[in-house]
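**Student:** Handing you a structure now.
The values are calculated or read from the model by the stated rules, or taken from the named source; none is laboratory data. What you are looking at is a predicted structure, and each value in this text was computed from that prediction instead of being measured. Cβ: placed from backbone, ideal geometry, glycine included. Neighbour counts: every protein chain shown. What goes into the accessible areas is simple: the full protein's heavy atoms, side chains included, and nothing from ligands, DNA or RNA. Shrake-Rupley method; radii C 1.70, N 1.55, O 1.52, S 1.80 Å.
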Amino acid sequence: MLFRSAANDQQMVEAVSDGQGGAIIVWRDSRTSGSTGFDIYVQRIDSRGRPMWENGTGTGDFNGILVSNAPGNQTFPQIVSDGQDGAIICWQDMRNGNFDIFAQRVDSRGLRQWINPSDTDAYNGIEISAVPGLQLYPKLIPDDSGGAIIVWEDSRDSEIYIPDIYAQRVNAQGTRIWRNTVNPSYIYAGVPVTTAFLSQRKPQIITDNSGGIIVAWEDARDNATNRIDIYAQRLDNNGVRKWQNSTGIDALNGMPISTGRSEKIFPQLVTDGSGGAITVWQDYRNFTTTNVDIYAQRVNSQGVRLWTNGTGSDEFNGIAISVAIAGQYGPQLIEVYDGGAIIIWDDTRNNLISSG
């Protein structure tokens, strides 16, 4: 069903349940700027697919409600439920000349709730992080109190783009909660998840079922072997890092999920229902010109790896989900009631999609 037919391009669609059998859908939209920039729009559809939010022009226009049309590009929108039939949306935003992270909450009628008094348009989103460098690719989850917890790639400490991972919690009123005691100059601009050597990218976030989060990411800290590994960290409900993998400067920069030979990329994770997580990724340890595999690991609430593949020094670097002939790519997973997960991926053995 077409619920939107505005001019120019509408892209990067994301959706979440509205809690009433319908959905709230967000996208980036160039209806007012052609190819020169994007804004953020949102629409709610009911259980029969009918658009619910009229944009206020009085002309019966159901082509979406404006979330932000600040100067510059607003792109990469992400959305979660606010638990009250509305939604919280975050995106990367160019209004200050380089990409920052902004967010807005819309209620069940599509009305913007969070006010930014320092902006010309007070309803164009609140600042989550607007420090020097680039803040990109946000992900978020509900905090189960009407707010959200957001993570992103952040290059505030590098002159070129060598990102770390930062996080912030915002409450139902749009107030940032977590204080950065490591760098008081940016006190509410996010707390570090990891600031390890070289780049940490593509963060993924889930709840730890105790008011905090578990984050997994691609990690290039082991420059000696020029590879990408998978690491993870848990933050409690105050934004304090809980998993310590060593002593010294790197102690709180994440627990290894899979290291060792080869690259591991595109991590995805779900809660295991016990304060830990199951992580799956695309793995090149058996790589040939066509052979890419899918591996997974489970960690408990202390970040300890639980699954062993029984192969000596490599035994905790993940168990094989699929090592079939040809390539397995782009794994996704969902949790199941018994603490496990169902995993799917693209599979070229028969040019079909398989699951495990």
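**Student:** Right, P256: within 17 Å of I319 (Cα to Cα) and under 18 Å from the mean Cα position of the chain (by Cα) or not?
**Tutor:** So P256 does not fit the description; no.
**Student:** Being in contact with a strand residue (DSSP E or B) (Cβ under 7 Å, 6 or more places away or on another chain), in contact (Cβ under 8 Å) with a residue 24 or more places away in the chain and of a type in the set (S, T, N, Q) is the filter here, so list the residues in the stretch 111-157 that pass it.
**Tutor:** Q113, N124, S129, Q135
**Student:** Right, next: Which of the residues belonging to the stretch 325-343 are more than 18 Å from Q204 (Cα to Cα) and either free of Cβ contacts under 8 Å to residues at least 24 places away in the same chain or not small (G, A, S) (or both)?
**Tutor:** Across the stretch 325-343, the qualifying residues are I325, Q328, V336, Y337, D338.
Conditions tested, residue by residue: (1) modelled with pLDDT under 95; (2) buried (at least 19 other Cβ atoms within 10 Å of the Cβ).
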{"residue": "I177", "(1), (2)": "no, no"}
{"residue": "P203", "(1), (2)": "no, yes"}
{"residue": "I214", "(1), (2)": "no, yes"}
{"residue": "A224", "(1), (2)": "yes, no"}
{"residue": "Y231", "(1), (2)": "no, yes"}
{"residue": "N237", "(1), (2)": "no, no"}
{"residue": "K242", "(1), (2)": "no, no"}
{"residue": "N245", "(1), (2)": "yes, no"}
{"residue": "T259", "(1), (2)": "yes, yes"}
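**Student:** Only one of (1) more than 15 Å from P138 (Cα to Cα); (2) buried (at least 17 other Cβ atoms within 10 Å of the Cβ) is not met by T181, so which one is it?
**Tutor:** Against the list (1) more than 15 Å from P138 (Cα to Cα); (2) buried (at least 17 other Cβ atoms within 10 Å of the Cβ), T181 comes up short only on (2).
**Student:** Consider S108 carefully, then state whether it is of a type in the set (S, T, N, Q), in contact (Cβ under 8 Å) with a residue 24 or more places away in the chain and open to solvent by 10 Å² or more (accessible area, probe 1.4 Å).
**Tutor:** yes
**Student:** Sticking with this one: Which of (1) open to solvent by less than 60 Å² (accessible area, probe 1.4 Å); (2) assigned to a strand (DSSP E or B) is the odd one out, the single condition I344 does not satisfy?
**Tutor:** (1)
**Student:** Tell me the residue from L252, L306 that is farther than 12 Å from D229 by Cα and surrounded by 17 or more Cβ atoms within 10 Å (Cβ to Cβ), please.
**Tutor:** L252
**Student:** For R28, state whether it is modelled with pLDDT of 85 or more, open to solvent by less than 20 Å² (accessible area, probe 1.4 Å) and not aromatic (F, W, Y).
**Tutor:** No; evaluated as a whole, the condition is false for this residue.
**Student:** Could you please let me know if F316 is assigned to a strand (DSSP E or B), among the aromatic types (F, W, Y) and open to solvent by 30 Å² or more (accessible area, probe 1.4 Å)?
**Tutor:** When the stated conditions are applied, F316 does not pass them.
**Student:** Right, next: Examine the stretch 19-33 for a residue that is under 17 Å from W152 (Cβ atoms) and of a type in the set (G, A, S), and state whether such a residue exists.
**Tutor:** No, there is no match, as no residue in the stretch 19-33 is under 17 Å from W152 (Cβ atoms) and of a type in the set (G, A, S).
**Student:** Do you know which of the residues in the stretch 179-201 that are touching a Pro at 6+ places or on another chain (Cβ under 8 Å) and closer than 19 Å to I213 by Cβ is modelled with the lowest pLDDT?
**Tutor:** Across the stretch 179-201, the extreme among qualifying residues is V182.
**Student:** Could you please give the count of residues in the stretch 272-301 that are within 22 Å of the chain's Cα centre (by Cα) and open to solvent by 50 Å² or more (accessible area, probe 1.4 Å)?
**Tutor:** Residues flagged as within 22 Å of the chain's Cα centre (by Cα) and open to solvent by 50 Å² or more (accessible area, probe 1.4 Å) within the stretch 272-301 amount to 3.
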